[in-house]
Amino acid sequence: MTAPNTQNAQSARAAQTTTPAHRLEARGVTLAYEARTVVEELDLTVPDGRVTVIVGPNACGKSTLLRALGRLLKPAGGAVLLDGAELARIPTKQIARRIGLLPQSPVAPEGISVADLVSRGRQPHQSWWQQWSAEDEEAVTEALLRTSTTELADRSVDELSGGQRQRAWIAMALAQGTDILLLDEPTTFLDIAHQVEVLDLVRRLNVEKGRTVVAVLHDLNQAARYADHLVAMRGGRIVAQGPPAEIVTAGLVREVFGLDSVVVPDPVTGTPLVVPGAPWAGKTRAS
């Protein structure tokens, strides 16, 4: 009666020693564009099944780091690891089946329909002997459904509003069927209603489908609302990281953004809400 239990325990221990604790991580990465170093010897572990948001001022290395995590930029030093293997050594097609990346302001081919754009997310799963399958069809249908773009399927991407277009791009990334989704400023150029629409969609994908999400956002309050794990960067280094409720303070905002502020609980979510200091009022002229 004890032998099966012993065998199960041994199997469990073996699994623990062979399975990486984290799927995606950066170890001592240095990132540069030609002679200009942007990030130097940075370590980052992406929590599985969570929404991680990277914030920081312009030119601090946020998007550069995300590009490296998606293998669009080769580290000048250190390595990015996926399931314990160096990303640079994994075939491109295998990476495309495991990591989906939506860059800033993606450009669709002129005249392409939403359905055709989303279908392109299935290319990593196709081969010369099997161009399209029932599994591909199911993945595209589900991606359109989950992003509420089914009714837009026959429309040209060029005709869509900003929020609709962004949902179409996210549908393409979702159809790719990856467990990890990287989003570089997915709310840029969108009005506040469309920003919330896109971020709510990202949260639903995380909760309902278990997607691990890493996003770069400019809005610290939105980041604090939607992130499970917040990473604050400045000057190519990580200043702080952790749950927003634990790390977002007036001191952190001052250190990262150079902004005096008051941090209060969001009246709707209870997450940290950054209120900037009093605006400059100047002096009024005597009449």
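Read the figures in this text as sums done on the coordinates, not as results from a lab. A quick note: this is a predicted structure, and the numbers were derived from the prediction, not measured. Cβ atoms come from the backbone with ideal geometry, glycine included; neighbour counts cover every protein chain shown.
Evaluated on the stretch 135-189, the Kirkwood hydrodynamic radius is 11.7 Å, with distances taken between all distinct Cα atoms. Electrostatic bookkeeping for V53 treats Lys and Arg as +1 and Asp and Glu as -1; over the other residues with beta carbon under 12 Å from its beta carbon, the sum is 0. For A278 and A76, the FRET efficiency from 1/(1 + (r/R0)^6), where r spans their Cβ atoms and R0 equals 41 Å, is about 0.40. Within the listed set A240, A115, A96, the residue fluctuating most in the Gaussian network model of the chain (springs between alpha-carbon atoms under 10 angstrom) is A240.
Expressed in units of 2.2 N^0.38 Å, where N is the residue count, the Cα radius of gyration of the stretch 186-261 is 1.16. By the Kirkwood approach, averaging reciprocal distances over each pair of separate Cα atoms, the stretch 88-189 gets a hydrodynamic radius of 13.9 Å.
Comparing the stretch 227-287 with the 2.2 N^0.38 Å rule of thumb, its C-alpha radius of gyration ratio is 1.46 (two decimals).
Evaluate Rg over Rh across the chain, taking Cα atoms for both radii and Kirkwood's formula for Rh. Show your work: numbers first, answer last.
Values: Rg = 21.5 Å, Rh = 20.8 Å.
With Rg and the Kirkwood Rh in hand, the quotient comes to 1.03.
Net charge within 14 Å of V202 by Cβ-Cβ distance, Lys/Arg positive one each and Asp/Glu negative one each, not counting V202 itself?
So the environment of V202 carries a net charge of +1.
Within the chain, antiparallel bridges make up roughly 60 percent of the DSSP beta bridges whose residues both belong there.
Basic side chains Lys and Arg get +1 at the Cβ, acidic Asp and Glu get -1 at the Cβ, and with that the dipole of the chain about its Cα centre reaches some 680 debye.
Relative protection proxy for 162-175, 80-93, 267-280, 248-261, from highest mean packing down: 162-175, 248-261, 80-93, 267-280 (other beta-carbon atoms within 10 angstrom).
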